[in-house]
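Remarks on the structure that follows.
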There are 6 protein chains.
Amino acid sequence: MDLIVINGNSSADVSLGISSAVEAAIFRAGDFRVVTPSFGPSTVEGYLDGDLAAVAVIKEVAKWEPEADGFIIACFSDPGLYAAREITAKPVAGIAQSSMVTAVQLGHSFSILTPLQRLRPLIAGLVKKYGFSDHCVSIETIHISVAGVKENYERTVLDFIDAGRKAIERGAEVLILGGAVLAGMEATISRELGVPVLDPVKCAVVQLESLIHLSLSTSKICGFDFPREKECLDCPSELSTIYRQK
Amino acid sequence: MDLIVINGNSSADVSLGISSAVEAAIFRAGDFRVVTPSFGPSTVEGYLDGDLAAVAVIKEVAKWEPEADGFIIACFSDPGLYAAREITAKPVAGIAQSSMVTAVQLGHSFSILTPLQRLRPLIAGLVKKYGFSDHCVSIETIHISVAGVKENYERTVLDFIDAGRKAIERGAEVLILGGAVLAGMEATISRELGVPVLDPVKCAVVQLESLIHLSLSTSKICGFDFPREKECLDCPSELSTIYRQK
Amino acid sequence: MDLIVINGNSSADVSLGISSAVEAAIFRAGDFRVVTPSFGPSTVEGYLDGDLAAVAVIKEVAKWEPEADGFIIACFSDPGLYAAREITAKPVAGIAQSSMVTAVQLGHSFSILTPLQRLRPLIAGLVKKYGFSDHCVSIETIHISVAGVKENYERTVLDFIDAGRKAIERGAEVLILGGAVLAGMEATISRELGVPVLDPVKCAVVQLESLIHLSLSTSKICGFDFPREKECLDCPSELSTIYRQK
Amino acid sequence: MDLIVINGNSSADVSLGISSAVEAAIFRAGDFRVVTPSFGPSTVEGYLDGDLAAVAVIKEVAKWEPEADGFIIACFSDPGLYAAREITAKPVAGIAQSSMVTAVQLGHSFSILTPLQRLRPLIAGLVKKYGFSDHCVSIETIHISVAGVKENYERTVLDFIDAGRKAIERGAEVLILGGAVLAGMEATISRELGVPVLDPVKCAVVQLESLIHLSLSTSKICGFDFPREKECLDCPSELSTIYRQK
Amino acid sequence: MDLIVINGNSSADVSLGISSAVEAAIFRAGDFRVVTPSFGPSTVEGYLDGDLAAVAVIKEVAKWEPEADGFIIACFSDPGLYAAREITAKPVAGIAQSSMVTAVQLGHSFSILTPLQRLRPLIAGLVKKYGFSDHCVSIETIHISVAGVKENYERTVLDFIDAGRKAIERGAEVLILGGAVLAGMEATISRELGVPVLDPVKCAVVQLESLIHLSLSTSKICGFDFPREKECLDCPSELSTIYRQK
Amino acid sequence: MDLIVINGNSSADVSLGISSAVEAAIFRAGDFRVVTPSFGPSTVEGYLDGDLAAVAVIKEVAKWEPEADGFIIACFSDPGLYAAREITAKPVAGIAQSSMVTAVQLGHSFSILTPLQRLRPLIAGLVKKYGFSDHCVSIETIHISVAGVKENYERTVLDFIDAGRKAIERGAEVLILGGAVLAGMEATISRELGVPVLDPVKCAVVQLESLIHLSLSTSKICGFDFPREKECLDCPSELSTIYRQK
């Protein structure tokens, strides 16, 4: 089994953290590969970042498609998730969706902990899209930049513990770490607060492995059908086969 | 890893089918055990059946709790699922919920194929409870009793193919077989219709194995906290430890 | 008219309180009977309790069906309500549903006051199922066990007054006492806070009498059709006629 | 007990039908009075009609307030319902809301049968407002004017039977007659189709009597508080006490 | 282009403020006319006021229909909006709806600032009806009567700034002034809080002008079809042509 | 006033049609400019196309920001709309959102007519995101490629008339043409079917002009705040100022 795990941003650093999470979560002895795009912003903290990240992700999906068994998009805004599901029939997991489908199996309700307040509407949009508005109690933020998380690791963990406590008071039974960059904090926060805390990358690994194991592939009958051939100006080379361009 | 798979009804026959599905889906070489309750109706075709099945399931959960790593409730109405999540901290998968969380990772929308029309409101209630009303296009039925499925296997498969075609016309991208008794039909229907068709038992196996593998347990902080000790009249022996009854 | 009022738990004590509430609410000089199951937990404080209570209720419904004109399930989680509606065509009122349909005729919005925090997700599930998520402002709890209510009656009333005040600040116009055990507190709380406070048992009495008076019976055309005959292992004797078991 | 039943339109004819329905439904030997406004359109078939009817209703509520125990607004668009709940603390039932809260106690789902297609969005608006969008399967219409119902009584009943059959195929378990003018048809349609068919006037009678019997009054704490005193130009005489106008 | 702007209440004073707002917002050099009804309450602070205002508005719509190009109902409860859309095919803007469709183009979410707490359920009803419950963060009130706004202008502005700050903390990105009487405050509040603040009258002007400019008229195919001819007792003279009464 | 209208795809052809629509709709004598990206697919018929189009749009927004007064994204999937609202404070209209906010002012409900069936889930996602799921009756498709529309213009119009008729039978009161490429068909279809038919480009022109005219700008307080400075690999030159990259 060959899992391609695509970091949504272009930070090799973040890819390292993702790699550890995948390593820890992977079921089988199978191969996986974490790829860092050579295009796009160093962190995803909004829609512009996310739209560039989507293209970065798509290019990686197209590039690795022939040898992959499935894909993980390791960025909490799930950039390019639906396009990836068009490009390939092989299963594609977005870490945000994966974490939410996991969370609802562990409790009635969840909250998402994420660094920046500005990400709240974006994440709320995903929650709504995936069907979990009734299950999502809150999106708690701690006012730190995504890049700042690493530099202030101890502080960040403490802040997330506080944020998690607030979420629990509001009724959350499960917490989701809303960011690939937060991978690894889950054990500490969970121990402190006494609730399951989900690392979304790990959730995506097991969800993807599950789909592959059951030989399930994305439905091609309607909205995720393969892209139609057409002209594409200045087409990224990775996508030229898809667009069958001259 | 020791998975306890509880048939919601008391038919040893159905347990055999469940067993094959589990066998086919299980990831690891680990042990599993399909248990058939010695209490309750032979099929679940409504609320009364379901309420009895819930108690049957609960008793099995309590009985096997000490040696289990997790539980599957292999009955499409997920009887006793929430009570089971109270009794044990170990993860519990209901095949209806498992199939839905799997389906939304493969397409925008799904339909559920199930034998009896009278089950439609019951299943619609589950869909709403789990958050997937917007994703569920329809619940298609073919007017056969659950017990009749086995006797008319060929006919049933053909009827479900027709029902699936109708669902696809209505916009479904993925189909879910709504019943443990339908296990094994998914390949034929999928081949015929060209869409993913989910056997819910298999979905539950991989979802449960995923939770166990990540060492995740049910949140005990609020609604799924362990049952409170109290007097229970005529308490089923399996539950006496829980109620700590004299 | 013969109303059968089924206490969902096995406490004769609670049945007494229910009896007073029924007495106070009943319209006609007709007969009613409050029955206490000889099976199940002494209070309902979660899903396990509720699933056992459901079977306890179902058995009473089956037992009294021949001579009843209608049934009330006097437990705020409405255990066995849908199964009861299958078993008999005679109308069945659940006190939670009855209180909510009453509340929306008195104000734009309501809150539910209930003893234990752990009951919040369970009750929220009922609110959603019955269609009142938009009308339900909050579920306020006071951290006392259901059994503790009686022992700390004065304190409990005061705590509910505080909880009700909080609910009103959040926008509630009507308050519902979320528990059969709370019957009788409504006048004091209402007087103190100046809003309607509903005793759910009383609401159920008038709702049920209304249905009986209009000769309305549960729809048998689909989801509440009579249970299908089938084998049932270790079938409770009260249900043997239903399952037509050898 | 003095029930004031206000015909929403100005047809004495319709009032007669309403009167029979009330007579048939009333619980106690108490008095009731059906009043026909001396203002407004002869039937309510849209928003303009409804807005005039609202004022007609309001004037009657204000006029009869001192001697009433409660009010019924006997017009399926519930004109003036919320204003009436402001003017008086005594309970006010709208026949549309009453029929819906009754319907959900008899089945999972209902459809509304109503004469004119143009009324569908108006009624759909009420369904949404009262919280029953998930329970309402369809609003079936038969393309006859409200006035035409009477002239073509036999035909209308047959058409509603057809419409009801369509609703049942779509999943409705209960049917509501969407119009005061349809009172009296319920028995025939119910017998023919085998499902409960609700006369909304009768539902309102029992709902209102229930509220009165329990001494419940409309919450005055926020949105239904008594109207504020103020100047009102050309104030209808019935409302002058409310506006305390010179 | 002739815009008829109808003040929903009978205060000439408020009409002046509306007039300034229209003046400031109007696109073209075209004519507009603000009309003050000679009927109805001096302010709209609830359902009774609103129902009278609806009739006042309707009469003005009927009266000015022949010479108008479109209508604005300048009262935040949008009284008579749907009836007006029946009476005329020319576009009709309600200031509440106009402000909400404008707000969602400027931010993910909005809050509405309005004087009286009792208006919250009424306005929440509009938000739900127009589809914006997910976008509306809160309805903030400051406990002043509508008439009091003018007398305490400075204080009111400061109170709304506080209320707006609370809304922003709750996640609002845009603020709507919920009342025609608040016209003119938007610049100050916006400057202070750094978010767009919408004067609903201005929003209605541009929305209406847009519809007129594109030659769009209200759909007459179903729910907004012209009123049906019928008898109307004591018919307001302005409506006699519509009802074609003898 | 300088409106920048960005064709979401790279077909100069389509830009011509957009240009005519803008020309026809523009209010003032002001300047506008339709720009065709030199990047991306020739039509947008899915998520991959849309994600590339988003970046194409974003680059144009960044490029023209200094001299624009506002932007229109003239592609019915609104690619890059939210990123554009981050990049600039000047108002940005997406033609899908613009058409929906316009439609709800003309009728209770709308349907969207669009060429390809595969676009249905994508468009349904937009409808849900913008809050109009309750207002959207259906998304009707005619099984033609976007490119094919032009070649089969007469046929396409006829097919859309049929599709529109079906939508009306389902309850739609207003029709929206779901594609920039369909601009110009609205008059014919509207005349044939007797309902308003909206060209989304025209709707966007008036919505945008309205926002500009009222000096309204996108809220920068949370989710649409300006993008944060950061490293961006292989950054498109148009975005280098935003990312302040070395």
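When D:E23, D:E67, D:E86, D:E60 are screened for being at pLDDT below 95, farther than 30 Å from C:V92 by Cβ and more than 11 Å from the chain's Cα centre (by Cα), only D:E67 passes.
Might you let me know whether the stretch C:97-116 holds any residue that is within 29 Å of B:P236 (Cα to Cα), open to solvent by 10 Å² or more (accessible area, probe 1.4 Å) and without any contact (Cβ under 8 Å) to a residue 40 or more places away in the chain? No, every residue in the stretch C:97-116 fails to be within 29 Å of B:P236 (Cα to Cα), open to solvent by 10 Å² or more (accessible area, probe 1.4 Å) and without any contact (Cβ under 8 Å) to a residue 40 or more places away in the chain.
Of the residues making up the stretch E:125-138, those that are more than 9 Å from every other protein chain (Cβ to nearest Cβ) and either open to solvent by 10 Å² or more (accessible area, probe 1.4 Å) or touching a residue at least 60 places away in the same chain (Cβ under 8 Å) (or both) are E:L126, E:C136, E:V137, E:S138.
Is it the case, given these coordinates, that B:L216 is touching a strand residue (DSSP E or B) at 6+ places or on another chain (Cβ under 8 Å) and open to solvent by 10 Å² or more (accessible area, probe 1.4 Å)? So B:L216 fits the description; yes.
In this structure, A:E45 qualifies as away from chain B (no Cβ under 14 Å), crowded, with 24+ Cβ neighbours inside 10 Å and either closer than 23 Å to B:V205 by Cβ or of a type in the set (D, E) (or both). Number of residues in the stretch D:205-246 that are of a type in the set (F, W, Y) and either more than 8 Å from chain E (Cβ to nearest Cβ) or in contact (Cβ under 8 Å) with a residue 60 or more places away in the chain (or both) equals 2. Return yes when B:I4 is in contact (Cβ under 8 Å) with a residue 24 or more places away in the chain and within 15 Å of B:A183 (Cβ to Cβ) and no when it is not. Considered against the rule, which asks whether it is in contact (Cβ under 8 Å) with a residue 24 or more places away in the chain and within 15 Å of B:A183 (Cβ to Cβ), B:I4 comes out as no. Reported count of residues in the stretch F:114-166, each being farther than 22 Å from F:P41 by Cβ and among the aliphatic types (A, V, I, L, M), is 6. In the set (1) more than 7 Å from every other protein chain (Cβ to nearest Cβ); (2) among the basic types (K, R); (3) surrounded by 22 or more Cβ atoms within 10 Å (Cβ to Cβ), the condition left unmet by B:K202 is number (1). Checked against (1) surrounded by fewer than 23 Cβ atoms within 10 Å (Cβ to Cβ); (2) more than 26 Å from D:L211 (Cβ to Cβ), D:V146 meets all criteria but (1). Based on what the data block shows, is C:A93 within 16 Å of C:V205 (Cα to Cα), touching a His at 6+ places or on another chain (Cβ under 8 Å) and in contact (Cβ under 8 Å) with a residue 60 or more places away in the chain? Here the answer is no, as C:A93 does not meet what is asked. Residue check: D:V14 meets all listed conditions (1) under 14 Å from the mean Cα position of the chain (by Cα); (2) β-branched (V, I, T); (3) at pLDDT 95 or above but one, namely (3). Inspect all residues belonging to the stretch A:143-153 and state whether any of them is more than 8 Å from every other protein chain (Cβ to nearest Cβ) and on the phi > 0 side of the Ramachandran plot. Within the stretch A:143-153, one or more residues are more than 8 Å from every other protein chain (Cβ to nearest Cβ) and on the phi > 0 side of the Ramachandran plot. Against the criterion of being over 28 Å from B:F132 (Cα atoms) and either modelled with pLDDT of 95 or more or in a strand (DSSP E or B) (or both), F:G107 qualifies. Applying the selection to the stretch E:236-246, what residues are part of a loop (DSSP other than H, G, I, E, B), closer than 17 Å to E:K59 by Cα and either of a type in the set (S, T, Y) or open to solvent by 30 Å² or more (accessible area, probe 1.4 Å) (or both)? Result: E:R244, E:Q245.
Considering only the stretch B:112-124, state which residues are over 23 Å from C:Y130 (Cα atoms) and more than 11 Å from chain C (Cβ to nearest Cβ). The answer is B:L113, B:T114, B:P115. For the stretch F:79-94, residues that are over 22 Å from A:P41 (Cα atoms) and open to solvent by 10 Å² or more (accessible area, probe 1.4 Å) total 1. Filtering the stretch C:115-136 to residues that are in a loop (DSSP other than H, G, I, E, B) and over 21 Å from C:S11 (Cα atoms) leaves C:G131, C:F132, C:S133, C:D134, C:H135.
When residues in the stretch E:1-35 are screened for being among the basic types (K, R) and either open to solvent by less than 70 Å² (accessible area, probe 1.4 Å) or over 22 Å from F:Q207 (Cβ atoms) (or both), 1 of them pass.
For the stretch D:48-81, the set of residues classified as among the small types (G, A, S) and away from chain E (no Cβ under 14 Å) consists of D:A68, D:G70, D:A74, listed by residue number.
When we screen E:V61, E:V55 for residues that are in contact (Cβ under 8 Å) with a residue 24 or more places away in the chain, open to solvent by less than 10 Å² (accessible area, probe 1.4 Å) and more than 26 Å from C:H108 (Cβ to Cβ), the only hit is E:V61.
If we keep just the residues of the stretch A:173-195 that are facing chain B (nearest Cβ under 10 Å) and under 20 Å from A:G94 (Cβ atoms), which is surrounded by the fewest Cβ atoms within 10 Å (Cβ to Cβ)? Within the stretch A:173-195, the match that is surrounded by the fewest Cβ atoms within 10 Å (Cβ to Cβ) is A:E186.
The values are calculated or read from the model by the stated rules, or taken from the named source; none is laboratory data. Keep in mind it's a predicted model, so treat the numbers as computed, not measured. Quick reminder, even Gly has a Cβ in these numbers, built from the backbone with ideal geometry, and neighbours come from all protein chains shown. Note: areas computed on protein heavy atoms with side chains; ligands, DNA, RNA excluded. Shrake-Rupley method; radii C 1.70, N 1.55, O 1.52, S 1.80 Å.
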